[in-house]
Amino acid sequence: MAPTPPAIRLRSASIGYGDVAIVRDADLTVAAGEAVAVLGSNGSGKTTLARGLLGLAAVLDGEVEVLGAPVGRLRERGRVGYVPQRHTVSGAAPATVREVVAVGRLARLGLLRRLGAADRRAVADAVAAVGLADRMDSPVASLSGGQQRRVLVARALAAEPELLIMDEPTAGVDSASQDALAGVLGRVAAAGTTLLVVTHEAGPLAGVLRRAVIVESGRITYDGPLAGAQEEPGGGHHHADGTGEPTGRPGYRLDQPTVTAPSIRPRTPGA
Ligand SMILES: Nc1ncnc2c1ncn2[C@@H]1O[C@H](COP(=O)(O)OP(=O)(O)OP(=O)(O)O)[C@@H](O)[C@H]1O
Ligand SMILES: [Mg+2]
């Protein structure tokens, strides 16, 4: 069998919009099964980097490969999961939590296949994992912003992707739910899924994300242990997230208590 290719490989890659490069000359290799935080100030290019991996921002120079294929060439889209930044679920359609999460599962199956029992179980497990089992049949539009974020996380989890890219999954999510998410991601990582998580709040995820990449002004300025990222000069000014955190403290909140695999209460029978 051929050796597993890296989950992500950038070589001298520039990524941007139109012909304007935002991320420049980036080299990054993430092996299958790694769990990596992407840190950096507002506007530094973190989302652009994530979008470049999904074919949503243009690769302007160099090479970007995802799961061994040039970006955009991957045949099974369901192998890569994505939780976009800021977006909550569109309120336009009166979809329930179950329906929105099931769409994530369909991405894996192809739109023409029907969900079977295993799929329905995966949907239920994903919703339970984000603590919304009791809201399964609620219209998504009736949930709070933070709950809607968690629905999007569940939608990505339900597809059981090989590579899961999350852009600030904990933004606007309360600390109990962040801790629960850390537990979920810990299990997902332990099962071998590669994680790339853009975050301003690595603290709650510090037990899961061991490696960090810092992006500053479109350049990767640090790539190493997450614990070392807070000492970087670029690592200390990240309180523009509206939390009212006092400035002058180290960034990324590594000073927060580390989460040790909180128990996720299974709420589905047999889970
Ligand atoms: N669709 C777009 N078209 C053109 N420029 C864009 C687009 N999206 C982002 N940019 C620019 O790219 C730069 C980096 O933005 P990006 O969203 O990648 O930053 P970020 O690191 O994710 O910031 P934040 O922490 O605020 O989410 C910014 O200068 C932004 O104005
Ligand atoms: Mg962003």
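The values are calculated or read from the model by the stated rules, or taken from the named source; none is laboratory data. Quick caveat: nothing in here was measured; it's all calculated off a predicted structure. Quick reminder, even Gly has a Cβ in these numbers, built from the backbone with ideal geometry, and neighbours come from all protein chains shown.
Observations, loosely collected:
- Being modelled with pLDDT under 90, under 24 Å from residue 188 (Cα atoms) and more than 16 Å from ligand 2 (Cβ to nearest atom) is a property that holds for residue 76.
Here's the yes/no breakdown for (1) of a type in the set (Asp, Glu); (2) surrounded by fewer than 17 Cβ atoms within 10 Å (Cβ to Cβ); (3) more than 9 Å from ligand 1 (Cβ to nearest atom); (4) more than 16 Å from residue 82 (Cα to Cα):
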{"residue": "17", "(1), (2), (3), (4)": "no, yes, no, yes"}
{"residue": "27", "(1), (2), (3), (4)": "yes, yes, yes, yes"}
{"residue": "36", "(1), (2), (3), (4)": "no, no, yes, no"}
{"residue": "42", "(1), (2), (3), (4)": "no, yes, no, yes"}
{"residue": "48", "(1), (2), (3), (4)": "no, no, no, no"}
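- For region 184-215, taking the residues that are of a type in the set (D, E, K, R) and in a loop (DSSP other than H, G, I, E, B), the one that is nearest to ligand 1 (Cβ to nearest atom) is identified as 201.
- Search result, residues across region 154-189 that are within 16 Å of ligand 2 (Cβ to nearest atom), hydrophobic (A, V, I, L, M, F, W, C) and over 24 Å from residue 65 (Cβ atoms): 171, 173
- From the list 43, 55, 16, the lone residue that is within 16 Å of ligand 2 (Cβ to nearest atom), in a loop (DSSP other than H, G, I, E, B), over 15 Å from residue 162 (Cβ atoms) and not acidic (Asp, Glu) is 43.
- Selection status of residue 149, within 16 Å of ligand 2 (Cβ to nearest atom), on the phi > 0 side of the Ramachandran plot and not aliphatic (A, V, I, L, M): no
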